[in-house]
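Just below is one structure, and these are the notes that go with it.
Derivation of every value follows stated rules applied to the coordinates shown; laboratory data play no part. What you are looking at is a predicted structure, and each value in this text was computed from that prediction instead of being measured. FYI the Cβ positions are ideal-geometry reconstructions off the backbone, even for glycines, and counts take in every protein chain you see.
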Amino acid sequence: MSPTYRVTLVQLTPGATALAGAADKVELGQIPLEEVIRLAGNLLRLDVSANPKTEAGILVHRDDKGWRIAVHHGRLCVHKSTSLFDEFWTVESPEGLAQLPPFNVAGAPAAKAARKQAASTQRHGILRTVGEVAGLFVLALAFIIIGFKFGLPQRKLSDLPADLVLVTADSERASVFSAVSGSYVTGRKPGDRVVTITPEGRVTFSRIGKDGKPTPSQGEEQARAARKGNQAVILTSLGTIAESPPDAVSVGNSVASYSWRKLMTN
């Protein structure tokens with residue numbers, strides 16, 4: 001018998017076919033893995049990037065454990081709890097969910113079928129990766145040949161935006177972290193997000209509680225320092241965070257950016 005999961009849709013319409021309001025939740029009760037995979041496929045097709053503040057996702061519970069299925073940068077991910085700030089796994093397709101610990105139940109028919117399809121997808125992915133590596137190798141050789149003939153290029157290939165430069169010198173990294181340090185909020189209502197940056201570049205995430213104060217940390221990471229011209233910027237899983245005086249930072253990703261105000265405490 002296939003295992004079932006207690007599922008709740010957050011900021012999604014029934015069937016996860018469209019985004020819903022910030023307070024909307026749909027309790028689906030106990031459903032099988034096949035239905036969870038179908039809902040995850042619908043979620044992946046939605047344009048969640050249209051609203052950077054959306055928290056649309058699928059909450060999945062089995063016994064006393066819970067996980068959250070969401071979309072980050074166009075890919076499905078499964079958070080290791082129901083919090084968006086917790087660590088997460090990523091999958092190449094909705095069927096790949098069956099390979100993750102929340103759903104990988106021995107003997108489950110859906111898991112077996114999904115494993116078979118995921119294995120096929122993985123083989124295609126390996127072949128594609130081999131082809132890409134071969135292409136990059138040829139491209140690298142071409143750069144080396146051109147470099148010896150005309151002088152090596154001064155700019156390194158990077159996944160960073162062209163106008164961002166990573167900072168490596170200790171003194172300059174300290175200057176960048178100090179410039180953006182502080183606590184910043186999206187608003188002052190319960191549930192609004194809070195990001196706190198220390199002068200050492202440690203970034204913690206939390207929310208505004210019912211008492212109007214930040215809740216305990218819901219996630220922490222070490223940021224990377226960079227500069228955009230004369231502007232101090234740090235790189236986090238939330239996106240880029242840049243100083244934006246007075247008393248604000250600009251939080252951005254590949255789709256949009258928006259301003260968080262500094263949290264003033266007495």
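Taking 41 Å as R0, compute the FRET efficiency from the Cβ-Cβ separation of L235 and H61 and round it to 0.05.
Computed FRET efficiency for L235 and H61: 0.75.
Does anything in the stretch 236-251 have its amide N under 13 Å from the 7 Å Cα→Cβ label point of D47, and if so which residues?
The answer is none, because no backbone nitrogen lies closer than 13 Å to the label point.
If each residue of separation counts as 0.36 nm, what is the full-extension length gain between A248 and K228 once their alpha-carbon separation is subtracted?
That works out to 5.6 nm of additional length.
Counting only C-alpha contacts under 8 Å and six or more residues apart, can you give the relative contact order of the stretch 165-262 as a whole percent?
It comes to 24 percent, rounded to a whole number.
I need the calculated FRET efficiency for the pair S175 and T13, taking r as the beta carbon distance and R₀ as 41 Å, to the nearest 0.05.
0.30
Amide H neighbours of A22 under 5 Å, at least 5 residues apart or on other chains, H built in the peptide plane: list them.
Amide H neighbours of A22: none.
Given a cut-off of 24 Å, name the pairs among K65/K262; K80/K189; K228/K262 whose C-alpha atoms lie farther apart than that in the structure shown.
Long pairs (Cα-Cα over 24 Å): K65/K262; K80/K189.
Please arrange D64, D192, D211, D47 by how many other C-beta atoms lie within 10 Å of their C-beta, fewest to most.
Lowest count first: D64, D211, D47, D192.
Over the stretch 4-110, calculate the relative contact order: mean separation of alpha carbon pairs under 8 Å at least 6 apart, over the residue count, as a percent.
Value for the stretch 4-110: 22 percent.
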